[in-house]
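Single-structure report; data block below.
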Amino acid sequence: MFAFFGMESALQVSGEVRDAARAVPRAIALAVTGVAVLYIAVQLVAQGILGSALAAPETGKAPLAAAAVQFAGPTGSTLILIAMIVSTFGFMTATMLATPRTLFAFAVDGYLPQSLATVHGTHHTPHVAIAIQGAIVCAIAITGTYVKLAIVADVAVLLVYLACCLAVVRLRRLDVGGGAADKPFVMPGGRVVPWLAAALIVALLARATAQAWLLTGGVMAAASLAFLAQRRGRV
């Protein structure tokens, strides 16, 4: 699932995209389709090269490196390592682009300190939010808790995706954006796909660990209390 996490990043920067109502949905659909095709191709190649050895414990730790060694020797393993570094760098740069915009939006709406809503005078970027995001990521990386957090965060991300699927159903019924001069992108099969996706997400959530649920529940409780406190302060 982690391979598909982050596709919503296109929405986080949509305020800085031209014709976002049409461009962003197409970008997400293209990205998800591309990732699916890539992963299926990688699986087929690895299975074809390693065969039953793909299920061996020693191979399971680094299957792509093991497959690369079979047809390219040590050079293949090195290339896989370089590709992994490039991929990690790409993921981190995408995170640094998208996530600060979320912090910025919360601050603009009054749910986070107003300093996070500051925009750079020259570059017009939320530079304070970017700096805070960078500091948080560095702290997580230094403490070595990234992998554990990524696994536990599955529940939180899946809950967000589930909410989005249900929201799509509601928004289509309300015909949101239907009266706009530039009609936004309407996904084919939009009456069926959200329900299928919601069912798949529920199935995945049913397999989550108790630790993941407890941590997610604690974060949601803390966020809810902070939201209520902030709302009371604005009344």
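The values are calculated or read from the model by the stated rules, or taken from the named source; none is laboratory data. Predicted, not measured: the structure shown is a model, and the values here were computed from it. So basically every Cβ, Gly included, is an ideal-geometry build from the backbone, and we count neighbours across all protein chains shown.
Hey, Val108 hits all of (1) modelled with pLDDT of 80 or more; (2) under 30 Å from Ala206 (Cβ atoms) but one; which does it fall short on?
For Val108, the exception is condition (2).
For Gly76, are the conditions met, namely being over 30 Å from Gln230 (Cβ atoms), modelled with pLDDT under 85, part of a helix (DSSP H, G or I) and within 22 Å of the chain's Cα centre (by Cα)? Before you say what the answer is, go through the steps one by one.
Details: over 30 Å from Gln230 (Cβ atoms): yes; modelled with pLDDT under 85: yes; part of a helix (DSSP H, G or I): yes; within 22 Å of the chain's Cα centre (by Cα): no.
Considered against the rule, which asks whether it is over 30 Å from Gln230 (Cβ atoms), modelled with pLDDT under 85, part of a helix (DSSP H, G or I) and within 22 Å of the chain's Cα centre (by Cα), Gly76 comes out as no.
Of a type in the set (Ser, Thr, Tyr) and farther than 18 Å from Ser14 by Cα - does that describe any residue in segment 90-110? Reasoning before the result, please.
Filtering segment 90-110 down to residues of a type in the set (Ser, Thr, Tyr) leaves 93, 95, 99, 102.
With the extra rule that they be farther than 18 Å from Ser14 by Cα, the set shrinks to none.
Within segment 90-110, none of the residues are of a type in the set (Ser, Thr, Tyr) and farther than 18 Å from Ser14 by Cα.
From the list Thr143, Thr99, Thr95, Thr118, exactly one residue is loosely packed, with under 13 Cβ neighbours inside 10 Å and either modelled with pLDDT of 80 or more or within 21 Å of Val219 (Cα to Cα) (or both). Which is it? It would help to see each step written out before you state the result.
Details: Thr99 fails: loosely packed, with under 13 Cβ neighbours inside 10 Å; Thr95 fails: loosely packed, with under 13 Cβ neighbours inside 10 Å; Thr118 fails: loosely packed, with under 13 Cβ neighbours inside 10 Å.
The match here is Thr143.
Quick check on this structure: which one of Ala21, Ala53, Ala31 is more than 25 Å from Val157 (Cα to Cα) and either among the hydrophobic types (A, V, I, L, M, F, W, C) or part of a loop (DSSP other than H, G, I, E, B) (or both)? Break it down stepwise before answering.
Numbers: Ala21 fails: more than 25 Å from Val157 (Cα to Cα); Ala31 fails: more than 25 Å from Val157 (Cα to Cα).
Only one candidate qualifies: Ala53.
Would you be able to tell me the number of residues in segment 56-73 that are outside any helix (DSSP H, G or I) and either touching a residue at least 24 places away in the same chain (Cβ under 8 Å) or over 31 Å from the mean Cα position of the chain (by Cα) (or both)? If you could, list the steps in order and put the result at the bottom.
Taking segment 56-73 first, the residues outside any helix (DSSP H, G or I) are 56, 61-62.
From what is left, the residues that are either touching a residue at least 24 places away in the same chain (Cβ under 8 Å) or over 31 Å from the mean Cα position of the chain (by Cα) (or both) are none.
Counting residues in segment 56-73 that are outside any helix (DSSP H, G or I) and either touching a residue at least 24 places away in the same chain (Cβ under 8 Å) or over 31 Å from the mean Cα position of the chain (by Cα) (or both) gives 0.
Without any contact (Cβ under 8 Å) to a residue 60 or more places away in the chain, within 30 Å of Pro188 (Cβ to Cβ), of a type in the set (Gly, Ala, Ser) and surrounded by 12 or more Cβ atoms within 10 Å (Cβ to Cβ): does that describe Ala31? Break it down into steps so the answer makes sense when it comes.
Numbers: without any contact (Cβ under 8 Å) to a residue 60 or more places away in the chain: yes; within 30 Å of Pro188 (Cβ to Cβ): yes; of a type in the set (Gly, Ala, Ser): yes; surrounded by 12 or more Cβ atoms within 10 Å (Cβ to Cβ): yes.
For Ala31, the condition - without any contact (Cβ under 8 Å) to a residue 60 or more places away in the chain, within 30 Å of Pro188 (Cβ to Cβ), of a type in the set (Gly, Ala, Ser) and surrounded by 12 or more Cβ atoms within 10 Å (Cβ to Cβ) - is met.
What number of residues within segment 78-101 satisfy the criterion of being polar (S, T, N, Q) and more than 23 Å from Lys61 (Cα to Cα)?
Taking segment 78-101 first, the residues polar (S, T, N, Q) are 78, 87-88, 93, 95, 99.
Going one step further and asking which of them are more than 23 Å from Lys61 (Cα to Cα), we end up with 93, 95, 99.
Going through segment 78-101 one residue at a time, the tally reaches 3.
Among (1) surrounded by 11 or more Cβ atoms within 10 Å (Cβ to Cβ); (2) touching a residue at least 12 places away in the same chain (Cβ under 8 Å); (3) assigned to a helix (DSSP H, G or I); (4) among the aromatic types (Phe, Trp, Tyr), which single condition is Phe106 missing?
The single condition Phe106 does not satisfy is (2).
Taking segment 45-59 as the region of interest, how many residues are within 28 Å of Ala94 (Cα to Cα) and loosely packed, with under 15 Cβ neighbours inside 10 Å? First the steps, then the outcome.
Keep residues of segment 45-59 that are within 28 Å of Ala94 (Cα to Cα), which gives 45-46.
Next, from what is left, pick out any that are loosely packed, with under 15 Cβ neighbours inside 10 Å: 45.
Of the residues in segment 45-59, 1 are within 28 Å of Ala94 (Cα to Cα) and loosely packed, with under 15 Cβ neighbours inside 10 Å.
Do you know which residues across segment 154-187 are modelled with pLDDT of 75 or more and either assigned to a loop (DSSP other than H, G, I, E, B) or under 14 Å from the mean Cα position of the chain (by Cα) (or both)? Outline the logic, then answer.
Within segment 154-187, the first condition is being modelled with pLDDT of 75 or more, and the residues that meet it are 154-174.
Result: Asp154, Val155, Ala156, Val157, Leu158, Leu159, Val160, Tyr161, Leu162, Cys164.
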